[in-house]
Amino acid sequence: MRTILILITVLTIAGCSRQSEPEIGSVASASHAAKDDAWANPIKAIAPAGIKIIKIKQLDYGLLVSGNADSNARVSEFMRNIHDNKLGTPLLDLIQIKDGVHFFVMRIKK
């Protein structure tokens, strides 16, 4: 099967660093886990049907979210939901389609 890879070039965000930071849901400490859930729960709550979030990682500038979707339309709907709920500015980094599954990676800038 062919893999279609669509890379979307995103403007460099000034001052953003990709330092190793804990993933949402990792257990570094009870207070850290509670802080992480404060970000993860609203994102998960607005994910439309057809979106499966695989990973949410907190970074200096916001969040990195990856997951699977039934279609590009579901990814677009998810991005609109993030924007409409004022959770940040979603920036799509990658969509990779393989065997009918749309894998996506997006950043949510605070």
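The numbers here are math on the coordinates, done by the rules we state, and not lab data. Please read these numbers as outputs of a predicted model, since none were measured by experiment. Glycine also receives a Cβ, built like all others from the backbone with ideal geometry; neighbour counts cover every protein chain displayed.
Mind checking which lysines have their Cα closer than 19 Å to the Cα of residue 110? Skip sequence neighbours fewer than 8 apart in that chain.
Straight-distance partners of residue 110: 35, 44, 55, 57, 86.
Decide, for the range 33-108, between rounded, prolate and oblate: order the square roots of the alpha carbon gyration tensor eigenvalues as a ≥ b ≥ c, take rounded if a/c falls under 1.5, and otherwise choose prolate if a/b is larger than b/c, else oblate. Kindly include the intermediate steps, with their values, before the conclusion.
Numbers: a/c = 1.72, a/b = 1.58, b/c = 1.09.
Verdict is prolate for the range 33-108.
Which residues does the label zone of residue 37 cover in the range 48-89, counting backbone N under 19 Å from a point 7 Å along Cα→Cβ?
Label zone hits: 53-58.
Label points 7 Å out from Cα along the Cβ direction at residue 83 and residue 49: separation in nm?
2.4 nm
What's the extension gain from residue 101 to residue 76 if we count 0.36 nm per residue and subtract their Cα-Cα distance?
Values: separation 25, 0.36 × 25 = 9.00 nm, distance 1.49 nm.
Contour length minus Cα-Cα distance gives 7.5 nm.
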